[in-house]
Amino acid sequence: MADAIVAEGLVKRYGSVVALDGLDLVVPEGTITGLLGPNGAGKTTAVRVFTTLLQQDAGRATVAGLDVVTDATALRGRIGLSGQYAAVDENLTGFENLDMVGRLYHLGKKRSRERSRELLERFDLVEAADRPTKGYSGGMRRRLDLAAALVAEPSVLFLDEPTTGLDPRSRLGMWDVIAELVAGGTTLLLTTQYLEEADRLADQIAVIDRGRVIAEGTADQLKDQVGGERLELSVGSARDVATAGSALARLAIGEIVVDDRGHRLTVPVTGGAPVLVEAIRLLDGEGVKVLDVGLRRPTLDDVFLALTGHGAEESTTGGSAG
Amino acid sequence: MNGFAQALGDGAVVAKRNLIKIKRVPDLLVFSTLSPIMFVLLFAYVFGSAIEVPGVDYREFLMAGIFSQTVLFGATITGSGLAEDIQKGVIDRFRSLPMARSAVLVGRTTSDLVNNALVIVVMSLTGLVVGWRIHSSVWEALAGFGLLLLFAYAFSWGMAIVGLVVRSPEVFNNASFIAIFPLTFVANTFVGTANLPGVLKTVAEWNPVSAVTQAARELFGNTNPAVPPPDAWPLRHSVLASLLWIAVFLVVFVPLAIRQYRRAVSR
Ligand SMILES: Nc1ncnc2c1ncn2[C@@H]1O[C@H](COP(=O)(O)OP(=O)(O)OP(=O)(O)O)[C@@H](O)[C@H]1O
Ligand SMILES: [Mg+2]
């Protein structure tokens, strides 16, 4: 299978700020790649280079086999972009916005209209179709902007934080649309700060921080990278903490972390559900009063924290210019 | 479809989009005509009695000047419109589409030309109300209006460059205000150049705005053949001078504006 997006050593500087610092990325055709990173990581900058809005200072990139610098015009005919901030014209109606984009993709008058109506239907904007978008809610604009990216049925689609600012219901709706699209064969590069979104949608995740990819793989691979399963339990008293600790020492494959104040223990283990059953049997045998117990895998949050040294949503790096 | 036809088609799509805005936000047109109407009234009634122009009635003299000033202000919409589009991310959308690189600018300048034509109609009616008359043939009068509009069109490409560089409609509006006032006042627009002091007189005589104003005045028949224009080449050959200025503006501004557009990315 060919690669839809290839980046080799992309560098982009803004004065002294290095937005991209040797970014390497490969997105195979027909897959979803999630670009995950804190504020200022360089996600938007990368998307801008791929969509020919910005020229890199060094390195090279191709999209659909076309170079972003030398084949820019041909490339633009193959991609769709929905930027971080919805770029809809507020004086035009929803329909006029899409039709304008269709005409500029040179779909022809008839096809452009048909396609616009089709997309308005699909994004649940039929009722608002003939109203100026000035009166649209943030979520409606976002949906219209995504629709605009899809007008020409692009083979490679770029969505920069497509669900930021959407309510939970709209977000779920957007996820469905995105999943459907890719089932149709579109390649998608998606940036997000929501780990759940990357977990749910992406075939492959690239974690980026300070302009470079610091980890890559499926959500599972990334989770394994920061650590395997662990048993988490809370018990009734400080005395129980000590008893539980010695009872479970046999199952632990690493150091048991004890939080005395909350009477909680975290025990790294391996072996899946049977370990959990065994643990409960051991604790019961010692008469430990267990309040809560569970077998947990690291979340992408843990991955993120472990890799970047800071959480996704509480990052302090740089401004949020995007 | 060949490249040129496609570029024109793309430009037309963008122009249509801008014209829809004029339709949806009519205040824009109202306000861009209100201030020149106010100028006509102020100059005609307040200054008109104090300003003497040899050989013609001041109101007749005044109108061509006000037309020039108005179309130049109209041309600044090109810059503020582009700056606004950059700010709102619309230019990013356009730049990601496989459309002609010139289309956004061609569309913008064209729709602003249409806007200026509408403003001129309103202004002419106001002028007729305060006593301005056209004394030439229909063809000459149309040539006069055409020349004013063409001049503004060429000028709007310059405004496009500034708008793309400053990228903020507010900054652009302040900057263009500061530039256009001297450009349209140090000229033969509201008073004759004859009594201006030394350097100012030369500047006024060679100001492109003076050439086009003089040309419009002559084409509308608002000059007195008994009183020849000042002895400066651009005013003696005002139509030719205006056409030359238009050509120079287009040759210089169009490529520069397109180059600047290619680089314009919102922050
Ligand atoms: N036009 C610009 N001028 C100067 N610095 C910029 C510009 N655009 C981005 N930057 C800087 O480049 C870095 C990367 O920015 P970018 O917008 O790519 O981050 P991001 O990952 O998209 O962040 P966010 O999650 O906030 O959208 C940041 O430090 C940012 O401040
Ligand atoms: Mg961003």
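The values are calculated or read from the model by the stated rules, or taken from the named source; none is laboratory data. All of these numbers come straight from a predicted model, not from anything done at the bench. Neighbour counts are summed over all protein chains in view; Cβ atoms, including those assigned to glycine, are modelled from backbone coordinates with ideal geometry. Just so you know, the surface numbers come from the protein's heavy atoms only, side chains and all, with ligands and any DNA or RNA stripped out. Shrake-Rupley method; radii C 1.70, N 1.55, O 1.52, S 1.80 Å.
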Inset, instruction - Those residues that are more than 12 Å from ligand 2 (Cβ to nearest atom), more than 11 Å from every other protein chain (Cβ to nearest Cβ), more than 13 Å from residue A:189 (Cβ to Cβ) and buried (at least 21 other Cβ atoms within 10 Å of the Cβ), I need them from region A:33-62; list them, please. - result: A:56
Inset, instruction - Kindly indicate which of A:75, A:20, A:81 is within 15 Å of ligand 1 (Cβ to nearest atom), outside any loop (DSSP other than H, G, I, E, B) and open to solvent by less than 10 Å² (accessible area, probe 1.4 Å). - result: A:20
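Pick from A:83, A:65, A:77, A:30: which is at positive phi and either within 14 Å of chain B (Cβ to nearest Cβ) or in contact with a Gly (Cβ under 7 Å, 6 or more places away or on another chain) (or both)? Give the steps one after another, and end with the answer.
On the way: A:83 fails: at positive phi; A:65 fails: either within 14 Å of chain B (Cβ to nearest Cβ) or in contact with a Gly (Cβ under 7 Å, 6 or more places away or on another chain) (or both); A:77 fails: at positive phi.
A:30 is the lone residue from the list that is at positive phi and either within 14 Å of chain B (Cβ to nearest Cβ) or in contact with a Gly (Cβ under 7 Å, 6 or more places away or on another chain) (or both).
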Inset, instruction - Report the residue count in region B:217-257 for those that are more than 27 Å from residue B:105 (Cα to Cα), part of a helix (DSSP H, G or I) and open to solvent by less than 40 Å² (accessible area, probe 1.4 Å). - result: 6
Inset, instruction - Quick one: residue B:96 ticks every box in (1) touching a residue at least 12 places away in the same chain (Cβ under 8 Å); (2) within 14 Å of chain A (Cβ to nearest Cβ); (3) open to solvent by less than 10 Å² (accessible area, probe 1.4 Å) except a single one, so which number is it? - result: (1)
Inset, instruction - Could you grab me the full set of residues in region A:86-100 that are buried (at least 19 other Cβ atoms within 10 Å of the Cβ) and more than 7 Å from chain B (Cβ to nearest Cβ)? - result: A:86, A:88, A:93, A:94, A:95, A:97, A:98, A:99
Inset, instruction - Name the one entry in A:226, A:257, A:288 that is open to solvent by 60 Å² or more (accessible area, probe 1.4 Å) and either assigned by TED's automatic domain parsing to the domain that holds residue A:179 or at pLDDT below 90 (or both). - result: A:257
Inset, instruction - Please find, within region B:233-267, the residue that is farthest from the other protein chains (Cβ to nearest Cβ) out of those that are hydroxyl-bearing (Ser, Thr, Tyr) and farther than 14 Å from residue B:161 by Cβ. - result: B:238
Inset, instruction - Would you check if there is a residue in region A:32-43 being more than 16 Å from ligand 1 (Cβ to nearest atom) and modelled with pLDDT under 95? - result: yes
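Which of the residues spanning region A:84-101 are among the hydrophobic types (A, V, I, L, M, F, W, C) and either part of a helix (DSSP H, G or I) or out of contact with any helix residue (DSSP H, G or I) (no Cβ under 8 Å at 6 or more places or on another chain) (or both)? Can you show your working first?
Here is the first cut: in region A:84-101, the residues among the hydrophobic types (A, V, I, L, M, F, W, C) are A:86-88, A:92, A:95, A:98, A:100-101.
Once the filter is applied, which keeps residues that are among the hydrophobic types (A, V, I, L, M, F, W, C) and either part of a helix (DSSP H, G or I) or out of contact with any helix residue (DSSP H, G or I) (no Cβ under 8 Å at 6 or more places or on another chain) (or both), region A:84-101 yields A:95, A:98, A:100, A:101.
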